[in-house]
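K.L.:
Got a structure here, written out as C-alpha cells. Questions coming.
The values are calculated or read from the model by the stated rules, or taken from the named source; none is laboratory data. Quick caveat, the model's predicted, so the values are computed rather than measured. Cβ coordinates were reconstructed from backbone atoms using ideal geometry, including for glycine residues, and neighbour counts include every protein chain displayed. Just so you know, the surface numbers come from the protein's heavy atoms only, side chains and all, with ligands and any DNA or RNA stripped out. Shrake-Rupley method; radii C 1.70, N 1.55, O 1.52, S 1.80 Å.
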Amino acid sequence: MSSPQIEIQIIAALVAIACSLLGVFLVLRKTALISDAISHSILPGIVIGFFITEDLNSPLLILMAALTGMLTVLLIEWIQNTKLVGEDTSIGIVFPALFSLGIILIVRNAGDVHLDTDAVLLGELAFAPFDRYFINGVDYGPKAIWIMGGILLIIVASLFLFFKELKVSTFDAGLASTMGFAPIAIHYGIMFLSSVTIVGAFDAVGAILVVGFIIVPAAIAYLLTQDLTKMLFYSVIISAVSAVSGYWLAHALDASISGSIMAVMGILFLITYLFSPSDGIITHKINRKQQIDEISLVTLLIHIQSHKNEHERSVQHLEEHINWKKEKARRMLQMAEDRNLINTKQNIISVTPEGEKYSLNRIKYYLAE
C-alpha cells in the first residue's frame, strides 16, 4: 500500500469522524438538512474570499465560507420564524439562492480559476494528497490531514467540555434554559462548528459526501441505540469503516472514491433499516409473528387447562373450539410439544408442569403490561 493510499484513507476517516460526531446532534435536533444547505451555500463565501486575497490557499477563504454558513442558518431561521413557511421550505429557498450566487460569481468573474462546479459538488479524495503542507521546504503531509485533524480535536474537546449542556439542550431546550445552559448559544455553537467542519472538508471530499457523512452514520446509529453516548460511538465506527471500505471498493472497481463511500454507507443503512434489533422492518415483522405465536400458545394452554373432559381436550375438538385452521392448529401443537408444554396421547392433549408455569408467567406479564 503506497503512501498516497494511506493518506487518502486517513483524510477520509478524519472527515467522516468529524462530520459524524456533529451529525448525531443535528439528526437528534431534526436539523440534519441544514448541513446540506450549509455545504452548498458556502460557495459564495469561498469566491468572495478569493476575490479579496486572490489566493486559493488563504485562510480567509475558510473564514468567509464559515461566515456564509452561519448566514445561511440565520436566514433559514429568520424565514422560518415568520411562520409563513416551514423549515424545509426555508432551506429550499435559502441554499439554492446562495449556491446559485456562488455559481454566477465563478462563471462571470473566476472562469480561469480552479473553482469548477464539478469539484465543488463531488470533491475528489484522490487529489487531496497532492495539496501538501510545507514549512521551510519540509513536507509535513497533506493540508487536509492537518485541517481536519485540527477541526476534529476542536469538536472532541467541545464534546468533553459541554457534553451535559449539549445532551440536555438537545432533548429538552426548556429544561436547559431553566438550568441556565443557554440553549440558543449552544444551538449556534453547533451550527458554527458544522460550518467550520463542512468548509474544512469541502475541498477534499465535496458537498455531497460531507452531507452523507453528517447524516447517514448518525441515522444508522439512531436505529441501533437510544443512548446518546453509544450513538456517538456507533456513528464514529460506522463512518470510519465506511470511509476506509469505500476507498477499497473504489480501488477494486476503478470507480469514484466519494461515490463508493456513499454506496457503502447506503448499504449499511439499508441493512440496519431492515434488521435493526429494535426498529428494523424485517425484525419487527419477525417479532410480531413471534408475539402472535406466543399468544396462540397461551390460548392453547388455557383452553386445555380449562377443560377436564377428555373429549374437550381432543385434537379434533381443539380445531373446532378455538376456531383455528387445521394448519395453524397442527403447527401450534407441534410448537407446544417441542417446548415440552403439552403431551399428546391418543389424540388427547394434557398440559405439562412446564406448560402450566409458562402460561401463568405469560398471563402475569400481559397483565403487568
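K.L.:
Residues in the stretch 259-275: is at least one open to solvent by less than 60 Å² (accessible area, probe 1.4 Å), polar (S, T, N, Q) and at pLDDT 80 or above? Before you say what the answer is, go through the steps one by one.
P.N.:
Start the filter on the stretch 259-275 by keeping residues that are open to solvent by less than 60 Å² (accessible area, probe 1.4 Å), which leaves 259-266, 268, 272, 274.
Retained after the next criterion (residues that are polar (S, T, N, Q)): 260, 272.
Still in the running and at pLDDT 80 or above: 260, 272.
Within the stretch 259-275, one or more residues are open to solvent by less than 60 Å² (accessible area, probe 1.4 Å), polar (S, T, N, Q) and at pLDDT 80 or above.
K.L.:
Scan the stretch 201-216 residue by residue and report those that are open to solvent by 10 Å² or more (accessible area, probe 1.4 Å) and either at pLDDT 85 or above or charged (D, E, K, R) (or both).
P.N.:
If the condition is that a residue be open to solvent by 10 Å² or more (accessible area, probe 1.4 Å) and either at pLDDT 85 or above or charged (D, E, K, R) (or both), then ASP203, VAL211, ILE215, VAL216 are the ones that fit.
K.L.:
Looking at the stretch 276-296, which of the residues that are open to solvent by less than 70 Å² (accessible area, probe 1.4 Å) and not in a loop (DSSP other than H, G, I, E, B) is farthest from GLU337 (Cα to Cα)?
P.N.:
ILE281
K.L.:
Please work out if GLU77 is of a type in the set (Asp, Glu) and crowded, with 16+ Cβ neighbours inside 10 Å.
P.N.:
So GLU77 passes the test.
K.L.:
When both residues are 6+ apart or on different chains and their Cβ atoms are under 8 Å apart, which pairs have a first residue that lies in the stretch 217-243 and is touching a residue at least 60 places away in the same chain (Cβ under 8 Å) and buried (at least 18 other Cβ atoms within 10 Å of the Cβ), and a second that is not in a helix (DSSP H, G or I) and not small (Gly, Ala, Ser)?
P.N.:
MET231/THR225
K.L.:
Related question: Taking the stretch 115-154 as the search range and keeping residues that are in a strand (DSSP E or B) and either in contact with a helix residue (DSSP H, G or I) (Cβ under 8 Å, 6 or more places away or on another chain) or closer than 12 Å to ALA201 by Cα (or both), which one is modelled with the highest pLDDT?
P.N.:
The qualifying residue modelled with the highest pLDDT is PRO142.
K.L.:
Give the residue that is least open to solvent (accessible area, probe 1.4 Å), with candidates limited to residues of the stretch 13-59 that are part of a loop (DSSP other than H, G, I, E, B) and not hydroxyl-bearing (Ser, Thr, Tyr). Show your work before the answer.
P.N.:
If we filter the stretch 13-59 for residues that are part of a loop (DSSP other than H, G, I, E, B), which is where we start, we get 29-32, 42, 54-58.
Still in the list and also not hydroxyl-bearing (Ser, Thr, Tyr): 29-30, 32, 42, 54-57.
Numbers: ARG29: 51, LYS30: 168, ALA32: 19, ILE42: 0, GLU54: 148, ASP55: 67, LEU56: 75, ASN57: 94 Å².
Filtering first and then ranking leaves ILE42.
K.L.:
Now, a different point. How many residues does the stretch 138-154 hold that are of a type outside the set (Lys, Arg) and buried (at least 18 other Cβ atoms within 10 Å of the Cβ)?
P.N.:
7
K.L.:
Pull out all pairs, ordered by first then second residue, where Cβ-Cβ is under 8 Å, the residues are six or more apart or on different chains, the first lies in the stretch 3-31 and is free of Cβ contacts under 8 Å to residues at least 60 places away in the same chain, and the second is open to solvent by 10 Å² or more (accessible area, probe 1.4 Å) and outside any helix (DSSP H, G or I).
P.N.:
No pair meets every condition.
K.L.:
Which one is farthest from LYS357 (Cα to Cα), of the residues in the stretch 322-341 that are under 43 Å from the mean Cα position of the chain (by Cα) and surrounded by 11 or more Cβ atoms within 10 Å (Cβ to Cβ)? First the steps, then the outcome.
P.N.:
Of the stretch 322-341, the ones under 43 Å from the mean Cα position of the chain (by Cα) are 327-328, 331-332, 334-336, 338-339.
The next check asks that each one be surrounded by 11 or more Cβ atoms within 10 Å (Cβ to Cβ); those that pass are 328, 331-332, 334-336, 339.
Working: LYS328: 23, ARG331: 21, MET332: 18, GLN334: 19, MET335: 16, ALA336: 13, ARG339: 12 Å.
Checking each candidate, the answer is LYS328.
K.L.:
Does at least one position in the stretch 201-210 carry a residue that is of a type in the set (Asp, Glu), closer than 30 Å to ILE342 by Cα and assigned to a helix (DSSP H, G or I)? Spell out how you get there, then give the answer.
P.N.:
In the first step, residues of the stretch 201-210 are kept if they are of a type in the set (Asp, Glu); the result is 203.
Pick out the ones that are also closer than 30 Å to ILE342 by Cα and you get none.
No; the residues of the stretch 201-210 include none that is of a type in the set (Asp, Glu), closer than 30 Å to ILE342 by Cα and assigned to a helix (DSSP H, G or I).
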